[in-house]
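Single-structure report; data block below.
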Amino acid sequence: MSLSSLADYHIHTPLCRHAKGRPTEYARIAKDLGLAEIGFSDHSPAAEDGFDDWRMRRAEMPIYLAEVEAAREAVPELPIRLGLEVDYLEGSSHEQWMDELATLAPFDYLIGSVHYIAPGWDIDNPMWIGRWSGEAEVEEIWDAYWGLYARCAASGRFDILAHPDLPKKFGHRPVGDLRRFYEPAIAAARETGAAIEINTAGWRKECAEQYPTREFLGLMLEAEIPLTINSDAHQPSEVGAEFERARALALEVGFTHTARFSGRERTLVPLEA
């Protein structure tokens, strides 16, 4: 089955300090795969450099923009969109910075994500895996994460919301019906019109499952929340990874279209070519 109806909008660059390969390499792979278009969305700078060690610095934004433009020039037949993955962080200084980030370039879309549930605690970082010590801790972590995720969706700042159930990365899940976590985020995304991705990187992690769960996807469909399929690629070989599998899942759930973005305007195209 052709990938010509699909776009991959969640692609990183070496500027985030944990990815490999220049944007031109990612673009050439995408062209060879037959993807309709791609977009780069590296981890945005923080308001202050040194916030952590897995994002570009403020002074590197011009380099990022130039690298994306170089990829456009190298592979002119492939539409290449410009985005950022922006961490949702609360507090007036962080909120002002998120708003400023949106003005720094002619972005086609912005991806909102939640990694930090407390200062210095990025929950997908293996460094902190010892904090997942028991059932009560898992419940508390999920509760903190999903509260932030719902507020991220409700902020209206983002066109796409990233890897919704990231806390399952290492295989930790609370007991019981998980809709108690999902439903507020679904309601917020519906209210603000944000799309949510199927992120295929989950199949490459310890959880061995796409982000988000099939049940979450079903709630998205009921709420008429638009869908994107993204790889979260950190090396060229991951562009378009598991896209056939993700599309098959989306079709099984009942989705018929996927979202595209240009100039922060959304259109819908059929999932099947």
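The values are calculated or read from the model by the stated rules, or taken from the named source; none is laboratory data. These numbers were taken from a predicted model, which means no experiment stands behind them. Quick reminder, even Gly has a Cβ in these numbers, built from the backbone with ideal geometry, and neighbours come from all protein chains shown.
Somewhere in the stretch 37-49, is a residue touching a residue at least 60 places away in the same chain (Cβ under 8 Å) and either farther than 19 Å from HIS234 by Cβ or in contact with a Cys (Cβ under 7 Å, 6 or more places away or on another chain) (or both)? Among the residues of the stretch 37-49, at least one is touching a residue at least 60 places away in the same chain (Cβ under 8 Å) and either farther than 19 Å from HIS234 by Cβ or in contact with a Cys (Cβ under 7 Å, 6 or more places away or on another chain) (or both), which makes the answer yes.
A quick yes/no check of all residues on (1) under 17 Å from the mean Cα position of the chain (by Cα); (2) under 30 Å from LYS20 (Cα atoms):
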| residue | (1), (2) |
| --- | --- |
| ARG151 | yes, no |
| PHE158 | yes, yes |
| LYS168 | yes, yes |
| GLY171 | no, yes |
| VAL175 | no, no |
| GLY193 | yes, no |
| ALA201 | yes, yes |
| PRO212 | yes, yes |
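Within the stretch 242-261, the residues that satisfy the criterion of being assigned to a strand (DSSP E or B) and under 13 Å from ALA36 (Cα atoms) are THR258, ALA259, ARG260, PHE261.
With respect to SER133, is the statement that it is small (Gly, Ala, Ser), outside any helix (DSSP H, G or I) and either loosely packed, with under 15 Cβ neighbours inside 10 Å or at pLDDT below 95 (or both) true? For SER133, the condition - small (Gly, Ala, Ser), outside any helix (DSSP H, G or I) and either loosely packed, with under 15 Cβ neighbours inside 10 Å or at pLDDT below 95 (or both) - is met. Within the stretch 215-241, residues that are over 12 Å from GLY254 (Cα atoms) have Cβ atoms under 6 Å from residues that are buried (at least 23 other Cβ atoms within 10 Å of the Cβ) and of a type in the set (Asp, Glu) in these pairs: THR228/GLU197; ASN230/ASP8; ASN230/GLU197; SER231/ASP8; VAL239/ASP8; GLY240/ASP8, counting only partners at least 6 apart in sequence or on another chain. Of all the numbered requirements in (1) more than 30 Å from GLY176 (Cα to Cα); (2) in contact with a Phe, Trp or Tyr (Cβ under 9 Å, 6 or more places away or on another chain); (3) not in a helix (DSSP H, G or I), VAL68 misses one, and that requirement is (3).
Of the residues that make up the stretch 163-175, is at least one part of a helix (DSSP H, G or I) and either touching a Gly at 6+ places or on another chain (Cβ under 9 Å) or at pLDDT below 95 (or both)? Yes, that holds for at least one residue. Of everything listed in (1) acidic (Asp, Glu); (2) more than 29 Å from ALA185 (Cα to Cα); (3) crowded, with 17+ Cβ neighbours inside 10 Å, the single unmet condition for ASP87 is (2). Taking every residue in the stretch 61-75 that is free of Cβ contacts under 8 Å to residues at least 60 places away in the same chain and of a type in the set (Asp, Glu) and pairing it with any residue that is surrounded by fewer than 17 Cβ atoms within 10 Å (Cβ to Cβ) and not in a helix (DSSP H, G or I), at least 6 positions away or on another chain, the pairs with Cβ-Cβ distances below 7 Å are GLU67/ARG22.
The sole residue among THR256, THR267 that is out of contact with any Pro (no Cβ under 7 Å at 6 or more places or on another chain) and either touching a residue at least 40 places away in the same chain (Cβ under 8 Å) or farther than 15 Å from ALA30 by Cβ (or both) is THR267.
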